[in-house]
Amino acid sequence: MTIEELKKSGSIIFESISGSRAYGLDTATSDTDIRGVFILPKEQFYSLNYIGQINNETNDISYYELNKFIELLSKNNPNLIELLNEPKSCILYQHPIFEKIKKEDFLSKLCKNTFANYAFTQIKKARGLNKKIVNPVDKERKSVEDFCYVRGEKQSVLFKEFAIKNKLNLNSCGLVNLAHMKDCYNLFYNENLNYNGIARKNANEVCLSSVPKTEIPIAVLYFNVDGYSTYCKKYREYWNWVEKRNEERYKSNISHSKNYDAKNMMHTFRLLHMAKEIGLNNEINVRRKDREFLLSIKNAEFEYNDLVSKAEKIKNELDEIYKNSSLIDRPNFKNINKLIYKIRNQFYNNMV
């Protein structure tokens with residue numbers, strides 16, 4: 001089922017703008033995220049064609065089937081529990097039946113860990129993304145030959161350097177497996193024989209040749225297979241990231257040169273502050289009153305280590321806050337199951 005088909009089906013019971021625009025942290029270049037909840041048609045729900053979630057290609061738009069939505073709410077998932085208190089200006093549609101899902105039945109002391117753990121995942125992402133920013137991978141892909149080495153007099157020498165120094169024609173090189181020595185080969189050279197070279201174009205392994213027994217190797221060649229595999233993975237990940245990255249966000253990150261992704265760090269503190277508010281006041285404050293502070297983080301006005309220290313301090317405060325909180329320890333699954341049944345049954349009966 002596509003999003004277009006879902007909208008035509010009449011199955012949506014809640015739809016809201018979410019993310020930065022709901023938090024009040026959006027800028028002129030911010031995307032518009034949409035999250036919603038739907039109830040599968042009765043025939044499909046009772047068949048083998050259950051669908052738990054429907055997204056668009058960029059995951060900016062996501063709809064969750066009632067069962068999956070309630071399941072994630074019961075785990076106090078930060079991204080979904082905030083849908084229970086979205087600003088009214090952000091709500092695009094709300095079926096009356098959605099009002100039966102109340103935050104009091106789901107907000108629990110689980111939020112301490114779900115929000116804090118998610119927050120510290122953002123810290124890791126803030127530095128993880130930076131590795132790609134400050135360590136770009138050249139667009140021209142390295143070849144197998146770039147990971148081949150020849151033993152010199154006292155040290156290994158890159159094969160390409162060896163070939164240049166000895167004025168070798170690469171097409172006149174031939175390799176033969178060297179017994180009992182993993183990834184090592186006897187290197188032969190003869191311009192009058194039809195050797196296959198070191199590796200074919202775009203190949204991922206060396207190329208062996210048929211060599212007469214009378215030929216004498218000129219060196220032993222080693223192919224660093226692990227190094228080549230690691231490089232290929234890094235190359236693929238980097239250029240996939242380049243293809244999918246948000247250019248405005250990327251330009252912002254490289255402009256401040258603070259060695260971290262400022263947007264990830266902003267969301268770290270949004271999550272920690274929300275966790276603190278939930279523990280103290282039993283409230284989900286989606287629209288942020290700490291907007292100026294959060295935007296100052298997004299603008300990279302702090303050093304990374306200072307932000308990590310601030311985050312650690314808040315995380316430690318959460319232990320005492322939740323210890324004394326009036327929140328339930330965890331949602332009551334017996335009551336939640338009754339709620340799901342009641343909502344689904346009522347929705348299907350009204351569809352008849």
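The values are calculated or read from the model by the stated rules, or taken from the named source; none is laboratory data. What you see is a predicted model, and the numbers here were worked out from it, not measured in a lab. Please note: Cβ atoms are built from the backbone with ideal geometry, for glycine as well, and neighbour counts cover all protein chains shown.
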Any idea which of 96, 78, 41 is more than 26 Å from residue 273 (Cβ to Cβ) and in contact with a Ser or Thr (Cβ under 7 Å, 6 or more places away or on another chain)?
41
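When only residues in the stretch 147-166 that are among the β-branched types (Val, Ile, Thr) and in contact with a strand residue (DSSP E or B) (Cβ under 6 Å, 6 or more places away or on another chain) count, which is surrounded by the most Cβ atoms within 10 Å (Cβ to Cβ)? Before you say what the answer is, go through the steps one by one.
Here is the first cut: in the stretch 147-166, the ones among the β-branched types (Val, Ile, Thr) are 150, 157, 164.
Cutting the leftovers down to in contact with a strand residue (DSSP E or B) (Cβ under 6 Å, 6 or more places away or on another chain) gives us 150, 157.
Numbers: 150: 20, 157: 15.
Only one residue fits best here, namely 150.
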How about the stretch 167-182: which of its residues are within 13 Å of residue 197 (Cβ to Cβ), out of contact with any Gly (no Cβ under 8 Å at 6 or more places or on another chain) and surrounded by fewer than 15 Cβ atoms within 10 Å (Cβ to Cβ)?
169
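For residues in the stretch 93-126 being more than 30 Å from residue 310 (Cβ to Cβ) and charged (D, E, K, R), which is surrounded by the most Cβ atoms within 10 Å (Cβ to Cβ)? Spell out the reasoning first.
Within the stretch 93-126, the first condition is being more than 30 Å from residue 310 (Cβ to Cβ), and the residues that meet it are 93-102, 104-105.
Cutting the leftovers down to charged (D, E, K, R) gives us 99-100, 102, 104-105.
Working: 99: 10, 100: 13, 102: 10, 104: 9, 105: 18.
Per the stated criteria, the residue is 105.
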Report whether or not residue 89 is of a type in the set (S, T, N, Q) and touching a residue at least 24 places away in the same chain (Cβ under 8 Å).
no
Looking at 34, 54 in this structure, which one is under 22 Å from residue 294 (Cα atoms) and surrounded by fewer than 20 Cβ atoms within 10 Å (Cβ to Cβ)?
34
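Would the stretch 281-300 turn up any residue that is assigned to a loop (DSSP other than H, G, I, E, B), touching a residue at least 40 places away in the same chain (Cβ under 8 Å), farther than 29 Å from residue 70 by Cβ and hydrophobic (A, V, I, L, M, F, W, C)?
Residues of the stretch 281-300 that are assigned to a loop (DSSP other than H, G, I, E, B), as a first pass: 282-290, 299-300.
Adding the requirement that they be touching a residue at least 40 places away in the same chain (Cβ under 8 Å) leaves 282-288, 299-300.
After this cut, where a residue has to be farther than 29 Å from residue 70 by Cβ as well, the list is 299-300.
Next, only the ones that are hydrophobic (A, V, I, L, M, F, W, C) stay: 300.
Within the stretch 281-300 (the criterion being assigned to a loop (DSSP other than H, G, I, E, B), touching a residue at least 40 places away in the same chain (Cβ under 8 Å), farther than 29 Å from residue 70 by Cβ and hydrophobic (A, V, I, L, M, F, W, C)), the answer is yes, since at least one residue qualifies.
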Taking the stretch 204-218 on its own, how many of its residues are surrounded by 13 or more Cβ atoms within 10 Å (Cβ to Cβ) and touching a helix residue (DSSP H, G or I) at 6+ places or on another chain (Cβ under 7 Å)?
1
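Report yes if some residue within the stretch 308-315 is part of a loop (DSSP other than H, G, I, E, B) and outside the structural domain of residue 45 (by TED's automatic domain parsing); otherwise report no. Don't jump to the end; show me each part of the working.
If we filter the stretch 308-315 for residues that are part of a loop (DSSP other than H, G, I, E, B), which is where we start, we get none.
Looking through the stretch 308-315, none of the residues is part of a loop (DSSP other than H, G, I, E, B) and outside the structural domain of residue 45 (by TED's automatic domain parsing).
From the list 34, 13, pick out the single residue that is over 24 Å from residue 348 (Cβ atoms) and either part of a strand (DSSP E or B) or of a type in the set (A, V, I, L, M) (or both). Give the steps one after another, and end with the answer.
Details: 13 fails: over 24 Å from residue 348 (Cβ atoms).
Just one listed residue meets the conditions, 34.
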Return only the number of the condition from (1) crowded, with 18+ Cβ neighbours inside 10 Å; (2) more than 20 Å from residue 20 (Cβ to Cβ) that residue 305 does not satisfy.
(1)
For the stretch 1-49, the count of residues that are of a type in the set (D, E, K, R) and touching a residue at least 24 places away in the same chain (Cβ under 8 Å) equals 6
Residue 349 meets each of (1) free of Cβ contacts under 8 Å to residues at least 12 places away in the same chain; (2) under 27 Å from the mean Cα position of the chain (by Cα); (3) more than 18 Å from residue 122 (Cα to Cα) with one exception, condition (2)
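Over 21 Å from residue 228 (Cα atoms), within 44 Å of the chain's Cα centre (by Cα) and not basic (Lys, Arg) - does that describe any residue in the stretch 172-181? Please lay out each step first, then the result.
Of the residues in the stretch 172-181, the ones over 21 Å from residue 228 (Cα atoms) are 172, 179-180.
In the following step, the residues that additionally are within 44 Å of the chain's Cα centre (by Cα) were identified as 179-180.
From the residues that got through so far, the ones that are not basic (Lys, Arg) too are 179-180.
Yes.
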If you go through the stretch 193-200 one residue at a time, do you hit one that is small (Gly, Ala, Ser) and over 43 Å from the mean Cα position of the chain (by Cα)?
no
So, in the stretch 316-346, of the ones that are within 33 Å of the chain's Cα centre (by Cα) and part of a loop (DSSP other than H, G, I, E, B), which residue ends up surrounded by the fewest Cβ atoms within 10 Å (Cβ to Cβ)?
329
